[in-house]
Amino acid sequence: MNENEARLVYKNKITKTINLALFIASCVLVFFTTFFSALLLIIDGEAGSIPQVFDYIFLGFTILALVFVAVRTGLMFVHGKEGLSRARYHAIDIVKLMVSGALILAHLDLGLGAFFGNIASANSGLNLFLRGYAIFVFALEVIVFIYGLWRIAWIKENPERIYGTLAVSKADSSRAPTKTSSKTPSKSPKPVEIEATPKAIGAIDADCALGCSQAVRHRTLNPRCTGSNPVTPAI
């Protein structure tokens, strides 16, 4: 592993850790808001504040945010062996926007109820706390929502910066077009046929027709000179 790959792996670990921490913080906020909305409904009911429209609207938006958190949890942690696909990453970003949108509407309703309605009207200290809490969470969720919109638009323009290091699922890889070679297979050249002339064919047939003894040319042994000691005859 070279230096660039090690830096990329380290950066991915940091990014995953930050995303997991933000996810846990979002879950804690949604659970706390849901519990707090139910508690406010009980407090205002015992105080006899009629009507409790802002309390019910606040509780409804918090429950909706809780449902979106459950969907986001399923998309993030329930998947096959192939890992998260690009479509699933995009769906997670969309659900994050839905969670932020539900929390924005919930705390907008909480602020309106604390300032102009009857949410915690019997308790001035709690009413002041709800005003500050609603303004703070509303501003925070608006920033998160705007960042989420910017992130989706940025990923759409630069997909390789986000998805280049992510594992692509087998479903995505199977949908990817396979490159086929445009080169035509090279044809082997045909062997050149040499046509033998009738004379060559006749010579070959004549040689094949002769036997071993007929193919050897016999000569007589004639000595070069005669004498008492004849020399070895020359062939």
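None of the figures in this text is laboratory data; all of them are computed from the coordinates on show. Source: prediction; values computed, not measured. All Cβ positions, even for glycine, are placed from backbone atoms using ideal geometry, and neighbour counts span all protein chains on display.
Numbers for the structure displayed
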| item | result |
| --- | --- |
| Packing-based exposure ordering (other Cβ within 10 Å, fewest first) of VAL78, VAL28, VAL69 | VAL78, VAL28, VAL69 |
| Per-residue ³J(HN,Hα) for segment 64-76, Karplus 6.51 cos²θ - 1.76 cosθ + 1.60, θ = phi - 60°, Hz, x for Gly and Pro | 4, 5, 5, 5, 5, 5, 5, 5, 4, 4, x, 5, 7 |
| Least to most buried among THR62, THR15 (fewest other Cβ within 10 Å first) | THR15, THR62 |
| Rounded Å value of the spacing that divides the Cα centres of segment 125-157 and segment 30-48 | 21 Å |
| Long-range amide H partners of GLY117 with built H, under 5 Å | none |
| Karplus-derived 3J(HN,Hα), 6.51/-1.76/1.60, for each residue of segment 134-146, Hz, glycine and proline x | 5, 5, 5, 5, 4, 5, 4, 5, 5, 5, 5, 5, 5 |
